[in-house]
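Trainee: Input: one structure, supplied below.
The values are calculated or read from the model by the stated rules, or taken from the named source; none is laboratory data. Small disclaimer: the values here were computed from a predicted structure and weren't measured. Heads up, the Cβs are rebuilt from the backbone with ideal geometry, glycines too, and the neighbour counts pull from every protein chain shown.
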Amino acid sequence: MAFHAKKLINDPNDVVTEFIEGLVETYPGLQYLDGFPQVKVVLRADVSGGTYDKVAVISGGGSGHEPAHAGFVGEGMLTAAICGDVFASPPVDSVLAGIRAVTGPMGCLLIVKNYTGDRLNFGLAAEEAKSEGYKVETVIVGDDCALPPPRGIAGRRGLAGTILIHKIAGAAAAAGLSLADVAAEARRASEMVGTMGVALSVCTLPGRVTPDRVGPGKMELGLGIHGEPGAAVADLQPVDVIVSHVLKQILSPETNYVPITRGSRVVLMVNGLGATPVMELVIASGKAVPKLQLEHGLAVDRVYTGSFMTSLDMAGFSISIMKADQAILQRLDAATKAPHWPVGVDGNHPPAKIPVPLPPSRSTKSDESLGRPAQLNAQGQILEVAIEAAAHAVKKLRDNLNEWDSKVGDGDCGSTIYRGAAAVLEDMQNYPLNDATETVNEIGSSVRRVMGGTSGILYTIFCKAAYAQLKASTQGVVTSKNWAEALEASIAAVSKYGGASAGYRTLLDALIPASAVLQERLKAGDDPATAFLLSSEAALDGAESTKHMQAQAGRSSYISGEILASVPDPGAMAAASWYRAAALAVKYKYQTPS
Ligand SMILES: Nc1ncnc2c1ncn2[C@@H]1O[C@H](COP(=O)(O)OP(=O)(O)OP(=O)(O)O)[C@@H](O)[C@H]1O
């Protein structure tokens with residue numbers, strides 16, 4: 001199937017020039033050369049060719065790989081980036097313009113990814129610059145490890161490992177080295193790095209129709225960065241498996257692409273290809289480090305995670321591994337003003353990260369649970385069945401709650417409630433069930449520890465308020481009147497802190513009617529179990545009635561009335577569900593005392 005991707009652009013022909021204009025507006029240290037649309041060169045605003053007293057480091061290539069290359073222009077990295085059109089090598093005149101703009105008496109180093117167009121355009125520009133009297137050296141980077149050694153003349157492709165070469169050469173130049181020495185460091189580094197990519201989708205070129213080549217449930221291994229097909233198509237695997245495969249391929253002794261052997265020190269780069277969330281990239285890095293250490297016997301000295309050399313909006317990542325020594329690490333750690341080089345990565349890695357111990361609470365109250373009594377009294381037994389029934393009921397409702405929440409919120413209400421209920425069931429073996437007041441407090445602690453989300457904090461407040469009310473009003477046994485007052489106090493607290501009242505389409509719309517009926521039935525002289533059961537019917541009715549309410553609290557308040565009318569409020573349904581289950585269990589227990 002082919003599709004026309006949605007893009008936030010104007011004329012597809014202007015994307016590169018408009019990118020450059022935006023880039024220099026964003027970073028005061030960057031400038032661009034006059035000469036749009038043919039000449040697209042980003043350079044350091046503080047460098048002027050005639051007088052620049054360091055080696056200029058210049059790179060570039062087709063656009064579509066942002067932030068490469070222009071985002072790596074800055075003191076300590078590139079002096080200029082020559083931008084071609086999307087996935088098209090820049091013309092000779094642009095490269096020449098860039099060389100003239102930033103090259104002083106020390107000369108310039110051109111770092112070129114190994115693609116025929118780039119080699120030819122940068123190569124011819126280098127020759128012409130030399131004939132104008134400039135000192136020019138060129139380093140070609142071909143770090144692709146996905147394919148067996150090519151038989152033709154093309155050689156290996158240049159991929160994200162090139163960014164590490166930019167950094168090393170830029171730092172060497174900033175340190176004042178000669179052109180020959182900067183080029184030698186860059187060349188040496190380029191022989192130490194290997195890269196391989198994995199794609200989950202192809203990229204969409206601005207203004208063009210894109211074939212959905214990869215297809216659902218599939219991934220491409222060993223792709224280039226221009227949307228060209230990967231070396232192999234495979235079923236999508238967990239990232240753990242993908243990372244293992246890619247590392248093995250890069251470090252393969254058969255291809256012997258990188259001079260890395262057991263005991264080597266390396267740096268790792270996990271590079272997003274344009275549409276991969278940071279979370280997924282960081283997960284991949286977290287998995288790659290121990291694999292490099294334990295499976296390959298390598299010391300991982302630095303980890304760079306982010307989007308460095310993308311392929312427009314391709315989903316996927318590439319992994320680069322570079323053999324490191326002290327000299328390389330020093331260049332990688334050197335300060336730079338290049339806006340897209342990551343900060344906070346320098347410095348030695350400990351062999352393993354031990355988490356910082358949780359700081360103890362300053363409160364004098366012991367965090368120890370009071371513990372489950374050996375023998376449950378009558379109230380303890382009722383409490384036990386009620387809690388168990390309530391927790392099981394909302395656990396069962398997880399998928400429904402998530403489904404409703406996905407229509408009116410973020411789709412996690414059931415999972416949040418499930419976490420709380422599961423923790424309550426697990427912790428219950430330590431609840432002091434003969435002491436209802438303390439048990440309520442313990443339920444609050446379980447919920448607070450695991451639940452999170454809006455309902456997590458609301459139920460924590462709910463339990464705290466109930467606990468405070470029970471503590472103040474009971475001596476020993478908790479009466480039904482005490483429970484009713486506790487429910488009322490909890491509702492008041494949730495309303496106070498959450499700002500919602502009756503009719504706001506929240507969990508209060510189940511609990512407020514329940515509380516009213518409970519009080520009313522107890523006053524009318526009903527036995528506690530019956531009053532509880534009748535009030536639970538009011539909770540269910542209240543929860544159902546939320547369908548007809550316009551939301552005024554929580555995420556649902558941003559949703560149209562039409563969508564809201566199709567489902568009840570998930571929080572209210574959850575509240576009614578646990579309340580109803582507890583009431584039924586209590587009623588049953590009263591009828592069949594042990
Ligand atoms: N101010 C409020 N007062 C009382 N209940 C609220 C309030 N805001 C939201 N709720 C209840 O919380 C339920 C949603 O709980 P959930 O834990 O899923 O929160 P969320 O909106 O997903 O937010 P997040 O998980 O990001 O905190 C809603 O269905 C509603 O019943």
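Trainee: Can you go through 338, 352 and tell me which one is surrounded by fewer than 16 Cβ atoms within 10 Å (Cβ to Cβ), away from the ligand (no atom under 16 Å from the Cβ) and in a loop (DSSP other than H, G, I, E, B)?
Mentor: None of the other options fit; the residue is 352.
Trainee: So for region 268-282 (the condition being among the hydroxyl-bearing types (Ser, Thr, Tyr) and either farther than 25 Å from residue 187 by Cα or out of contact with any strand residue (DSSP E or B) (no Cβ under 8 Å at 6 or more places or on another chain) (or both)), does at least one residue qualify?
Mentor: Within region 268-282, one or more residues are among the hydroxyl-bearing types (Ser, Thr, Tyr) and either farther than 25 Å from residue 187 by Cα or out of contact with any strand residue (DSSP E or B) (no Cβ under 8 Å at 6 or more places or on another chain) (or both).
Trainee: Take residue 442 and decide whether it is modelled with pLDDT of 95 or more, over 30 Å from residue 46 (Cβ atoms) and not basic (Lys, Arg).
Mentor: In short, yes.
Trainee: Going by what's in this entry, would residue 281 be described as closer than 30 Å to residue 63 by Cα and in a loop (DSSP other than H, G, I, E, B)?
Mentor: no
Trainee: Can I ask one more? Condition first: within 16 Å of the ligand (Cβ to nearest atom) and surrounded by fewer than 19 Cβ atoms within 10 Å (Cβ to Cβ). Can you find one or more residues in region 383-397 that meet it?
Mentor: No, region 383-397 has no match at all.
Trainee: For residue 543, are the conditions met, namely being within 16 Å of the ligand (Cβ to nearest atom) and under 18 Å from residue 461 (Cα atoms)?
Mentor: No: the conditions fail for residue 543.
Trainee: If you take the residues of region 406-457 that are under 23 Å from residue 482 (Cβ atoms) and aliphatic (A, V, I, L, M), which of them is nearest to the ligand (Cβ to nearest atom)?
Mentor: Across region 406-457, the extreme among qualifying residues is 447.
Trainee: Something else about it: Which condition does residue 130 not pass, out of (1) at pLDDT 95 or above; (2) of a type outside the set (Ser, Thr, Tyr); (3) crowded, with 24+ Cβ neighbours inside 10 Å, if it passes all the others?
Mentor: Of everything listed in (1) at pLDDT 95 or above; (2) of a type outside the set (Ser, Thr, Tyr); (3) crowded, with 24+ Cβ neighbours inside 10 Å, residue 130 misses just condition (3).
Trainee: Go through region 398-433 and give me each residue that's polar (S, T, N, Q) and either buried (at least 22 other Cβ atoms within 10 Å of the Cβ) or under 31 Å from the mean Cα position of the chain (by Cα) (or both).
Mentor: 400, 402, 406, 415, 416 - these are the residues of region 398-433 that are polar (S, T, N, Q) and either buried (at least 22 other Cβ atoms within 10 Å of the Cβ) or under 31 Å from the mean Cα position of the chain (by Cα) (or both).
Trainee: Condition check: within 27 Å of residue 338 (Cα to Cα), in contact (Cβ under 8 Å) with a residue 24 or more places away in the chain, outside any helix (DSSP H, G or I) and basic (Lys, Arg). Does residue 187 satisfy that?
Mentor: no
Trainee: Continuing with this model, one more query. Search region 499-528 for residues being surrounded by fewer than 19 Cβ atoms within 10 Å (Cβ to Cβ) and either within 12 Å of the ligand (Cβ to nearest atom) or over 13 Å from residue 484 (Cβ atoms) (or both), and hand back the single one that is nearest to the chain's Cα centre (by Cα).
Mentor: 499
Trainee: Tell me, please, whether a residue that is in contact (Cβ under 8 Å) with a residue 60 or more places away in the chain, part of a helix (DSSP H, G or I) and away from the ligand (no atom under 16 Å from the Cβ) can be found in region 529-539.
Mentor: Yes, some residue in region 529-539 is in contact (Cβ under 8 Å) with a residue 60 or more places away in the chain, part of a helix (DSSP H, G or I) and away from the ligand (no atom under 16 Å from the Cβ).
Trainee: Can you name every one of the strands (runs of 3 or more DSSP E) wholly within region 45-120 that holds 2 or more residues which are within 23 Å of residue 28 (Cα to Cα)?
Mentor: 56-63, 80-86
Trainee: Applying the selection to region 529-560, what residues are surrounded by fewer than 19 Cβ atoms within 10 Å (Cβ to Cβ) and β-branched (Val, Ile, Thr)?
Mentor: 530, 559
Trainee: Moving on to the next point. Note down all Cβ pairs under 8 Å where the first residue falls in region 572-591 and is within 16 Å of the ligand (Cβ to nearest atom), the second is outside any helix (DSSP H, G or I) and among the aliphatic types (A, V, I, L, M), and they're at least six residues apart or on different chains.
Mentor: 572/507; 573/397; 574/397; 574/507; 575/507; 577/397
Trainee: Turning to a different aspect of this structure: For region 18-29, state whether one or more residues are modelled with pLDDT of 95 or more, closer than 22 Å to residue 190 by Cα and surrounded by fewer than 22 Cβ atoms within 10 Å (Cβ to Cβ).
Mentor: Taking every residue of region 18-29 in turn, none turns out to be modelled with pLDDT of 95 or more, closer than 22 Å to residue 190 by Cα and surrounded by fewer than 22 Cβ atoms within 10 Å (Cβ to Cβ).
Trainee: Report every pair of residues separated by at least 6 positions or lying on different chains whose Cβ atoms are under 6 Å apart, first residue within region 405-418 and free of Cβ contacts under 8 Å to residues at least 24 places away in the same chain, second within 8 Å of the ligand (Cβ to nearest atom).
Mentor: Matching pairs, first to second residue: 411/405.
Trainee: Of the numbered conditions (1) more than 13 Å from the ligand (Cβ to nearest atom); (2) at pLDDT 95 or above; (3) of a type outside the set (Ser, Thr, Tyr), residue 478 fails exactly one; give the number of that condition.
Mentor: (2)
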